[in-house]
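Inspection log for the structure reproduced underneath, given as structure tokens.
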Amino acid sequence: MANLKKIKTRINSIKSTQKITRAMKMVASAKVKKFENKVKASRPFTYELEKIFYRLLHSVQDIDTSQTVFKEPINNYPVLLKEREIKNVGLLILTSNKGLSGAFNANLVRYTLKTIESYKEKGIGCELFIVGQKGYNALKRVTDEYGFKITQTYLSFSETPTSSQSRIVAMDMARAYVNGNIDSMEIITTRFRNMMSYSVERWDILPLDEIDYDYTLEDFSSMEVEPDTPSILAEIVPLFISSIIFQAMLESIASELASRMTAMSAACNNADEMIQKLTIDYNKVRQAMITQEITEIVGGSSAINK
């Protein structure tokens, strides 16, 4: 009887867990569709902004900025756009605050460590800007082993990315760039493909000479700028950096939800298989006990008749 109770308890436990995984799957399914629409709606804007930005830079001649005073480091476009030797790379790592999303965070951490190792072989240091509790927890344990520095963390961002959040990150990275702490801005994120897949990628922000674009640039000399080029650059450079970070955040959240939906779907299927197997075991044990009881009754009746 003890075996029956044990199996029954395990079945009930799995059913309770299955209710949670099914609910999480439904929530992720509802959210991922919303973020899929946001990602697809945001991509054309980011693409066109990059195109306009590159056109503007190619049409700019030498600009005298000796008398220019900038409110924030992110507006200091002469320093941000100036080519320099890369000694330290600033990596923005976009992970999640929640678990139960399959290998989403593990893939990002693994890719990050490989990137750090490749830079280390070239004699280039890495400073990390980490979004998400899961990424921070995993990377802080190997800081000394891999020899990188965690410069800034963002662990209290809401689940829905906002332009203000991307602006905060952009300002922190720009400040480190202008101060000379980092010589390159890069993002390690995931690109949302569809409901079932995503890919881990590294996006370059600065310096611009390392960015490849797949469109044909038009005649830059015909581009007219008002009121003046310095004013426009002081505004478009922060917008350019923030928009790329915002797009990466949207892609990351959509990928996380897709990964969670897939993981919870697999968990539900595994729970069904386990319940089916345990139910068979339960019936076998129960049948064996009934058979044994019948055998004992028959044996006892035969002994009395004798």
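Side notes on the structure shown:
- Considered as a group, the residues in segment 148-169 that are over 17 Å from the mean Cα position of the chain (by Cα) and aliphatic (A, V, I, L, M) include one that is farthest from G90 (Cα to Cα), and that residue is I168.
- Some residue of segment 127-139 being surrounded by fewer than 18 Cβ atoms within 10 Å (Cβ to Cβ) and either part of a loop (DSSP other than H, G, I, E, B) or small (G, A, S) (or both): no
- M249 vs. criteria among the aliphatic types (A, V, I, L, M), under 17 Å from V27 (Cα atoms) and assigned to a helix (DSSP H, G or I): no
- Residue-level check: of (1) surrounded by 15 or more Cβ atoms within 10 Å (Cβ to Cβ); (2) under 21 Å from the mean Cα position of the chain (by Cα), N88 misses just (2).
- Qualifying positions in segment 140-164 - under 18 Å from I86 (Cβ atoms) and crowded, with 17+ Cβ neighbours inside 10 Å: F148, T151
- Of all residues in segment 3-28, those that are farther than 18 Å from L100 by Cβ have Cβ atoms under 7 Å from Cβ atoms of residues that are basic (K, R) and surrounded by 14 or more Cβ atoms within 10 Å (Cβ to Cβ), 6 or more apart or on another chain, in L4/R286.
- If only residues of segment 105-126 that are of a type in the set (S, T, Y) and under 28 Å from S158 (Cβ atoms) are counted, the one that is surrounded by the most Cβ atoms within 10 Å (Cβ to Cβ) is T112.
- Enumeration of residues in segment 131-148 that are within 18 Å of A248 (Cβ to Cβ) and aliphatic (A, V, I, L, M): V131, L139
- Looking across K122, K87, one residue alone is touching a residue at least 40 places away in the same chain (Cβ under 8 Å) and basic (K, R). It is K87.
Table: residues versus (1) acidic (D, E); (2) part of a helix (DSSP H, G or I); (3) modelled with pLDDT under 95; (4) under 20 Å from I124 (Cβ atoms).
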| residue | (1), (2), (3), (4) |
| --- | --- |
| S164 | no, yes, yes, no |
| R193 | no, no, yes, no |
| S199 | no, no, yes, no |
| I205 | no, no, yes, yes |
| L217 | no, no, yes, no |
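- Looking only at residues in segment 149-198 that are without any contact (Cβ under 8 Å) to a residue 40 or more places away in the chain and small (G, A, S), the one that is nearest to S252 (Cα to Cα) is S158.
- Residue in segment 102-112 that is outside any helix (DSSP H, G or I), within 27 Å of S265 (Cα to Cα), out of contact with any Phe, Trp or Tyr (no Cβ under 9 Å at 6 or more places or on another chain) and at pLDDT below 95 present: yes
The values are calculated or read from the model by the stated rules, or taken from the named source; none is laboratory data. All figures in this text were calculated on a predicted structure; none of them were measured in a lab. All Cβ positions, even for glycine, are placed from backbone atoms using ideal geometry, and neighbour counts span all protein chains on display.
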